[in-house]
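Accompanying notes for the structure given below.
The values are calculated or read from the model by the stated rules, or taken from the named source; none is laboratory data. Just so you know, these numbers come straight off a predicted model, no measurement behind them. Cβ: placed from backbone, ideal geometry, glycine included. Neighbour counts: every protein chain shown.
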């Protein structure tokens, strides 16, 4: 719409009846819809009742002057209102005050038709820009809300992959996952497979939706390979090859394990922080054996290690985001060791609470996940 | 801001930011695209002042190594503890030799 086509609804507040009629007539001749009020209080009441585009107000009026009317109108009207103050030439202090309280422009008495024509043309231009801005903001808000709803739906899907705390095969497990924004690249899983109980924790490079999409795909792929009978070495080699062949710089760090019958576990660490093994008798140590992240380099080998993992032994797997919570690795391990006496779900809740406390309410810079597993007595 | 000094086959790449993360990495990669001389075979990555590197930044460092021709070398100078730890955890410390400063790195590379 051209600025000249914009229909203006104008409120004229003027205690001089003749001046008010003159203004109303001239403004109507310029294509505006005009109402009048005889003083500031009446004007303020009309502004509250109807939506006006422009307020034209005299300065000197009984009961409430033009300055006070503008001040109150600005506090009360929540849409854009173009404000013109009628004044005499040379009233510079009044004009300064009027600008401070929210006047946009001035009309100087005696008012001439040309002054009004210029003022209306300016108001139309400003209103036109304002309406375009409002339309654009509305479109942006609608788009944002749609995107936010999509991201929340995708985050729900990602959360649905995460196993609930409980028992799977030989393992009791508890975990928490906190993305730095709505979704992130951390994930973990536990599944009963032919050779025992498989578990993994991964951290896909990057943040937000791209990392989450990759993480979602990798979660599915790891589960598919493990339940299909592949061993840890083959799973790592396959994922490494598939990620490396992607036309981007994506990679992931991973910790995977296969808990077998009896008292052992096969563990493969690929660039993931070294997990903490807390023995049922209280012994504690981190497992540092491992190799490079998956997807960074072609033709690299990934070798699992064999460790003892008997009933009551607990393994704590965590992503690198933990270290962004004001706790270094040693401090985190010390805290885990000191809290290990409680049940696994209480242990994870305590760790989560401690990390949140240390962040002092700040959202994490990186995704944070902690997965704790424990062999169930007699579990296979 | 990333700066790159080329000297024949050697280039010193200074990250020039206190973080190498998702916000900074695109500019770092653009600087490499635009300024890293084609003849570069050895790179000293000067990480002085870099207090935080995330997974995106680490990917960019690995990407810098992959840009070099076969037999090329990337070494890291002046890495602070967070980067040292990240390189160690990910096993990349076995691929990138580390030095306390650029001068030591130059000497080790015979420059």
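Things worth noting here:
- Identity of the residue in the stretch B:64-79, outside any helix (DSSP H, G or I) and within 14 Å of chain A (Cβ to nearest Cβ), that ends up modelled with the lowest pLDDT: B:70
- Any chance residue A:237 is part of a helix (DSSP H, G or I), in the same structural domain as residue A:262 (by TED's automatic domain parsing) and either within 24 Å of the chain's Cα centre (by Cα) or without any contact (Cβ under 8 Å) to a residue 24 or more places away in the chain (or both): no
- Yes/no for residue A:329 being in contact (Cβ under 8 Å) with a residue 40 or more places away in the chain, surrounded by fewer than 19 Cβ atoms within 10 Å (Cβ to Cβ) and touching a helix residue (DSSP H, G or I) at 6+ places or on another chain (Cβ under 8 Å): yes
- Unmet requirement for residue B:26, which otherwise passes all of (1) surrounded by fewer than 18 Cβ atoms within 10 Å (Cβ to Cβ); (2) within 14 Å of chain A (Cβ to nearest Cβ); (3) under 24 Å from residue A:330 (Cα atoms): (3)
- Hits in the stretch A:297-321 - residues which are in contact with a strand residue (DSSP E or B) (Cβ under 8 Å, 6 or more places away or on another chain) and part of a loop (DSSP other than H, G, I, E, B): A:300, A:301, A:302, A:303, A:304, A:309, A:310, A:311, A:312, A:313, A:319
- Residue check for residue A:25: more than 14 Å from residue A:119 (Cα to Cα) and under 44 Å from the mean Cα position of the chain (by Cα): no
- When the residues of the stretch B:29-63 are filtered to those that are touching a strand residue (DSSP E or B) at 6+ places or on another chain (Cβ under 6 Å) and part of a helix (DSSP H, G or I), the one that is nearest to the other protein chains (Cβ to nearest Cβ) is B:57.
- Of the residues A:234, A:194, the single one that is at pLDDT 95 or above and farther than 24 Å from residue A:366 by Cβ is A:234.
- Matching residues, the stretch A:240-267, being within 34 Å of the chain's Cα centre (by Cα) and in a strand (DSSP E or B): A:252, A:253, A:254, A:255, A:256, A:257
- Condition met for residue B:17 (out of contact with any strand residue (DSSP E or B) (no Cβ under 6 Å at 6 or more places or on another chain), in a loop (DSSP other than H, G, I, E, B) and farther than 22 Å from residue A:206 by Cα): no
- Of all residues making up the stretch A:210-251, the number that are in contact with a helix residue (DSSP H, G or I) (Cβ under 9 Å, 6 or more places away or on another chain), farther than 19 Å from residue A:176 by Cα and within 14 Å of another protein chain (Cβ to nearest Cβ): 7
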